[in-house]
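The values are calculated or read from the model by the stated rules, or taken from the named source; none is laboratory data. Owing to the predicted nature of the structure, the values given are computational and were not obtained by experimental measurement. Don't worry about glycine lacking a Cβ; one is built from the backbone with ideal geometry, like all the others, and counts go over all protein chains shown. Only protein heavy atoms, including side chains, enter the accessible area calculation; ligands, DNA and RNA are left aside. Shrake-Rupley method; radii C 1.70, N 1.55, O 1.52, S 1.80 Å.
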Amino acid sequence: PLASSCPVMTPGTLTLVATPIGNLGDFSPRAAEVLSSAEIIACEDTRVTRKLLNLTGTTTSARIVAYHDHNGAAMRPWLLDQLATGKSVVLVSDAGTPLISDPGYKLVAACREQDIMVLSVPGPSAILAALAISGLPTDRFMFAGFLAGSSKARRDQISEIEGLRATTIWFETPFRIATSLAEMSKILGPRPAAVARELTKLHEEVRCGTLGELAEEMKAKKPKGEIVLV
Ligand code: SAM
């Protein structure tokens, strides 16, 4: 059932807040409430998060601190101490859902070990947005992360999913998408696929076809922007 009376922010709780993947209209009222009432906001890049707060007119007296792969080992004990003393902490990433190819997994795991409450304010994620509009089966799917930069590692990643009976979802850069599709076509054959680009933004588009057809199209087109391959 829908409930609007849940606590906005519970002391000593880590709340994971999803943020827009391009369209500010996807910033939810609950995300705004939770960020407004937080005591500490941990984010990937403080400039990106301050900009989001400004653009959405969200005011907060929270202390805004950076939490990413490079300072995680040092910041985690501090954040856990703050939570243990009853501070409300929010974790956001630059865009989308925290932890999904973004920082936060070790922090949440440590909270679980220490019986610290973890809540979520769900919202945008490029994975589900791409899958849902791809036209490909949604009953079984696997998110496989970023495709590797080196071609040997990439071929290994692709070979791993050869026998998998599920739709697979990858993050890929516009510079490598054509090469990756061509390698996938070689290894996996003429499977149906979709390239979802710039989701929720002005130049949003989804191109569908076999892996080989899409490889040719992307090679000719040299796409720009952010891409999810389904
Ligand atoms: N945590 C994020 C989420 O939940 O969507 C994903 C973060 S990951 C570091 C960034 C990658 O997600 C991009 O390189 C791209 O592959 C994909 N992505 C993010 N925003 C996107 C968008 N608006 N359109 C298409 N792909 C997007």
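Quick notes on this structure:
- Matching option when the condition is open to solvent by 10 Å² or more (accessible area, probe 1.4 Å), among the hydrophobic types (A, V, I, L, M, F, W, C) and farther than 30 Å from GLU226 by Cβ, among LEU99, LEU52, LEU80: LEU80
- For beta carbons closer than 7 Å, sequence separation of 6+ or different chains, a first residue in segment 205-230 that is under 16 Å from SER134 (Cβ atoms) and a second that is away from the ligand (no atom under 11 Å from the Cβ) and basic (Lys, Arg), the qualifying pairs are THR210/ARG191; LEU211/ARG191; LEU214/ARG207; GLU217/ARG207.
- Filtered residues of segment 28-49 (kept if surrounded by 15 or more Cβ atoms within 10 Å (Cβ to Cβ) and in a loop (DSSP other than H, G, I, E, B)): SER28, ALA38, GLU39, GLU44
- With respect to the stated conditions, LEU181 fails to be under 20 Å from the mean Cα position of the chain (by Cα) and in contact (Cβ under 8 Å) with a residue 12 or more places away in the chain.
- One residue stands out among those in segment 200-230 that are of a type in the set (Val, Ile, Thr) and assigned to a loop (DSSP other than H, G, I, E, B): the one that is least open to solvent (accessible area, probe 1.4 Å), which is VAL230.
- Summed over segment 128-148, residues that are touching a Ser or Thr at 6+ places or on another chain (Cβ under 8 Å), open to solvent by less than 20 Å² (accessible area, probe 1.4 Å) and in a helix (DSSP H, G or I) total 2.
- Here the condition is being more than 13 Å from the ligand (Cβ to nearest atom) and among the hydroxyl-bearing types (Ser, Thr, Tyr); of TYR67, TYR105, it holds for TYR67 alone.
- Segment 64-78 residues that are more than 16 Å from GLN114 (Cβ to Cβ), paired with ones that are among the polar types (S, T, N, Q) (beta carbon under 6 Å, 6 or more apart): ILE64/THR46; ALA66/THR46
- Put simply, of PHE146, PHE141 the only residue that is within 11 Å of the ligand (Cβ to nearest atom), aromatic (Phe, Trp, Tyr) and within 25 Å of ALA95 (Cα to Cα) is PHE146.
- Selection count, segment 9-27, where residues are open to solvent by 30 Å² or more (accessible area, probe 1.4 Å) and in a loop (DSSP other than H, G, I, E, B): 5
- Scope segment 184-202; condition touching a residue at least 24 places away in the same chain (Cβ under 8 Å) and away from the ligand (no atom under 11 Å from the Cβ); matching residues: MET184, SER185, ILE187, LEU188, PRO192, ALA193, ALA194
- Matching residues, segment 103-124, being open to solvent by 40 Å² or more (accessible area, probe 1.4 Å) and in contact (Cβ under 8 Å) with a residue 24 or more places away in the chain: LYS106, GLN114, MET117, LEU119, SER120, PRO122, GLY123
- If you go through segment 204-230 and pick out every residue that is of a type outside the set (Asp, Glu) and either within 10 Å of the ligand (Cβ to nearest atom) or within 22 Å of PRO137 (Cβ to Cβ) (or both), you end up with 14.
- Which numbered condition VAL195 fails, given (1) in a strand (DSSP E or B); (2) surrounded by fewer than 20 Cβ atoms within 10 Å (Cβ to Cβ); (3) not small (Gly, Ala, Ser): (2)
- When ALA178 is tested against (1) touching a strand residue (DSSP E or B) at 6+ places or on another chain (Cβ under 9 Å); (2) open to solvent by less than 70 Å² (accessible area, probe 1.4 Å), exactly one condition is not met: (1).
- Where GLY86 falls short, out of the listed (1) away from the ligand (no atom under 11 Å from the Cβ); (2) surrounded by 20 or more Cβ atoms within 10 Å (Cβ to Cβ); (3) part of a loop (DSSP other than H, G, I, E, B): (2)
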